[in-house]
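Participant: Input: one structure, supplied below.
The values are calculated or read from the model by the stated rules, or taken from the named source; none is laboratory data. Model, not experiment: these values are computed from the prediction. Positions of Cβ are generated from backbone atoms using ideal geometry, with glycine treated the same way; all protein chains shown enter the neighbour counts. Note: areas computed on protein heavy atoms with side chains; ligands, DNA, RNA excluded. Shrake-Rupley method; radii C 1.70, N 1.55, O 1.52, S 1.80 Å.
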Amino acid sequence: MHTIGIIGFGGMGEWHGKQLLTIPDEFKLAAVHDINPARNEHARQLGLTAYETLEEIFADQSIESVILAVPNNFHKELSISALKAGKHVICEKPVMMNTADLEAVLAVSKETGKAFSVHQNRRWDRDYLIVKKLLDEGTIGQPFYIESRVQGSKGIPGDWRCEKIAGGGMLFDWGVHLIDQMLQLVDSPVVDVYAHLLSVKFPGVDDNFKLTLRFANNVSALVEVDTYTFINLPRWHVSGTSGTAQVDDFACHGKVAKANTLSVHWDEGIVYTEAGPTRTMAPRAKESIEELPLPLVTSDAKDYYRQFAAAVLRGTPLPVTDQQMLRVMKVIDAAFESEARHQSIAVNI
Ligand SMILES: NC(=O)c1ccc[n+]([C@@H]2O[C@H](COP(=O)([O-])OP(=O)(O)OC[C@H]3O[C@@H](n4cnc5c(N)ncnc54)[C@H](O)[C@@H]3O)[C@@H](O)[C@H]2O)c1
């Protein structure tokens, strides 16, 4: 049994609470604290203990670990004070707003001997796990392009996410998830980062962006987050040396298509546009393509909490390690630098 407190009981804090309450044999949710008294009252109405002050939740000796689910600009200060108060810390993403802040927090984690990790829950999303399985099993050969994107059309929810000072913008939002997933998929250092961040509807923060990563093994990755797109592209599109995989959406529709013969008959198919012929872009003959369904995968996102508790209790690896957190943060730093300088940034991450 691992005893948890939640600091910040807004949308995500409440989600964590609900998740933990479904596994009462493994976790005890001792108390929550929010700076907004109305949220503490809401927690009490749900039957939870809520403290009005940070001091009270830190003083509760039954609480071993705290989850920080507060706006991004409070992650650093609260992580440091929680670690110094003797609590292990699960910090919501983005783990910090830059690499230097993360290094400072990791130093405190080391000093205090208390565990620190970030909630990269999207590692348990099925769309990602399907792509991971396809690549691990070599179903489409060696990947050379990987595109990962999420797209909405409603803009950014009108709260602190629209404010630069609060850590708003999509690079810090979905961006950190998609970058983390990409770094898990490609086993090679990132050597080049190029980002184009746009403020289409929300001045001051990136509400749409495209980020390209070149890996040392020559895999090229595109990470894209849009909040103002009305016709969606696929969630994943992966090109490999023996085929292509596409996951259309979060519901995991999609397919794998592979060449079942290496030789093609060039003279069979010519496509004529208004302006001329093309053999290169003419479709293959149907019988030379094999289509497969996407593999089935199962997932339990509560394994994140289980892995964190095991790391604290038994010293097994944290669900997201220091190195993994640092790599994502360094890519984010390079992305902001790329946008500021309008050029790609050579890195070794
Ligand atoms: N991993 C995910 O899937 C996911 C999804 C959504 C949000 N998040 C992250 O969770 C965090 C919170 O986001 P949210 O959507 O819950 O925001 P939110 O605005 O719904 O909730 C934030 C809560 O924190 C409280 N708060 C603010 N400052 C505080 C402080 N100093 N001490 C205590 N409480 C404070 C606010 O009163 C509010 O209730 C962010 O870092 C966000 O990036 C992660």
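Participant: What's the longest uninterrupted piece of the chain once you rule out the chymotrypsin sites (Phe, Trp or Tyr not before Pro) that are loop residues per DSSP with at most 10 other Cβ within 10 Å?
Facilitator: 1-229
Participant: Sequence gap at least 6, Cα distance under 8 Å: using those rules, report the relative contact order of the stretch 2-119 to the nearest whole percent.
Facilitator: 23
Participant: Rg to Rh ratio, the stretch 201-310, alpha-carbon atoms and Kirkwood radius?
Facilitator: Radius of gyration over Kirkwood radius for the stretch 201-310 works out to 1.08.
Participant: Solvent-accessible area per residue for the stretch 2-110 at a 1.4 Å probe radius, Å²?
Facilitator: On a per-residue basis, 41 Å².
Participant: Right, another one. Just to confirm the number: angle between the C-alpha axis of helix 322-341 and the first principal axis of the chain, 0 to 90 degrees, nearest 10?
Facilitator: Once rounded, the angle reads 60 degrees.
Participant: GluC sites (Glu not before Pro), restricted to the stretch 226-331: which are DSSP loop and have at most 16 other Cβ atoms within 10 Å?
Facilitator: Values: sites: Glu268, Glu274, Glu287, Glu290, Glu291; in loops: Glu268, Glu274.
Listed in order of number, the matching sites are Glu268, Glu274.
Participant: Right, something else. Quick check of the Kirkwood formula: for the stretch 77-215, what is the inverse mean of 1/r over all pairs of different Cα atoms, in Å?
Facilitator: Kirkwood radius, the stretch 77-215: 17.1 Å.
Participant: With θ set to phi - 60°, apply the Karplus curve 6.51 cos²θ - 1.76 cosθ + 1.60 along the stretch 304-310 and write out the HN-Hα couplings as whole Hz, x wherever there is a Gly or Pro.
Facilitator: Computed from phi, the couplings for the stretch 304-310 are 4, 4, 4, 5, 5, 4, 5 Hz.
Participant: Percent relative contact order of the chain, based on C-alpha pairs within less than 8 angstrom and at least six residues apart? Don't jump to the answer; show the numbers that get you there.
Facilitator: On the way: 694 pairs, mean separation 57.4, N = 349.
About 16 percent, as a whole number.
Participant: When all protein chains stay in place, what accessible area (Å², nearest 10, 1.4 Å probe) is found for Asp136?
Facilitator: Only protein atoms counted, so the area is about 110 Å².
Participant: Separate question: So what's the chain giving for Rg/Rh, alpha carbon basis, Kirkwood Rh from the mean inverse pair distance? Write out the running numbers ahead of the final one.
Facilitator: Details: Rg = 22.7 Å, Rh = 22.0 Å.
Ratio of gyration radius to Kirkwood radius: 1.03.
Participant: Moving to a separate point now. Carbon and sulfur atoms: what percent of the 1.4 Å accessible area of the stretch 62-124 do they account for?
Facilitator: 50
Participant: Please check the chain for the longest run free of trypsin sites (Lys or Arg not before Pro) that are loop-located per DSSP (anything but H, G, I, E, B) and have at most 15 other Cβ atoms within 10 Å.
Facilitator: Values: sites that count: Lys154, Lys201, Arg279, Arg284.
Longest stretch, sites excluded: 1-153.
Participant: Using just the helices of the chain, give the 222 nm mean residue ellipticity in deg cm²/dmol: DSSP H runs with n ≥ 4 each add -39,500 (n - 2.57), and the total is spread over all residues, rounded to 500.
Facilitator: -9000 deg cm²/dmol
Participant: Report the charge-dipole magnitude of the stretch 2-119 in Debye, nearest 20, computed about the Cα centre from +1 at each Lys and Arg Cβ and -1 at each Asp and Glu Cβ.
Facilitator: 160
Participant: Which length gain, in nm to one decimal place, applies between Glu337 and Ala285 when the Cα-Cα distance is subtracted from 0.36 nm times their residue separation?
Facilitator: 14.1 nm
Participant: Return the subset of Lys201/Lys255; Lys154/Lys258; Lys110/Lys164; Lys133/Lys201; Lys114/Lys164; Lys93/Lys330 for which the Cα-Cα distance in this structure is over 26 Å, preserving the input order.
Facilitator: Lys201/Lys255; Lys154/Lys258; Lys110/Lys164; Lys133/Lys201; Lys114/Lys164
Participant: Another one. How much of the DSSP bridge set in the chain is antiparallel, in percent, rounded to the nearest 5?
Facilitator: 60
Participant: By how many degrees, 0 to 90 and rounded to 10, does the Cα axis of helix 99-112 deviate from the longest principal axis of the chain?
Facilitator: 40
Participant: Please state the equivalent ellipsoid semi-axes for the stretch 2-119: what are the square roots of 5 times the Cα gyration tensor eigenvalues, largest first, in whole Å?
Facilitator: Each semi-axis is the square root of five times an eigenvalue, giving 22, 15, 13 Å.
Participant: Over the stretch 120-196, what is the relative contact order in whole percent, taking alpha-carbon pairs under 8 Å and six or more residues apart? Walk me through the numbers on the way to the answer.
Facilitator: Numbers: 28 pairs, mean separation 24.6, N = 77.
Relative contact order here is 32 percent.
Participant: Just the number, please: percent antiparallel of the DSSP beta bridges in the stretch 73-214, rounded to the nearest 5.
Facilitator: Bridges in the stretch 73-214 are about 70 percent antiparallel.
Participant: Next up: Excluding ligands, DNA and RNA, what is the solvent-accessible area per residue of the stretch 218-349 at a probe of 1.4 Å, expressed in Å²?
Facilitator: Result: 59 Å² per residue.
Participant: Local charge sum around Leu296 (other residues, Cβ-Cβ under 11 Å, Lys/Arg +1, Asp/Glu -1)?
Facilitator: +2
Participant: Please report the carbon-and-sulfur percent of the accessible area for the stretch 289-349; probe 1.4 Å, protein heavy atoms only, DNA, RNA and ligands left out. Display every interim value, and only then the final one.
Facilitator: Details: 1690 of 3260 Å².
That fraction is 52 percent.
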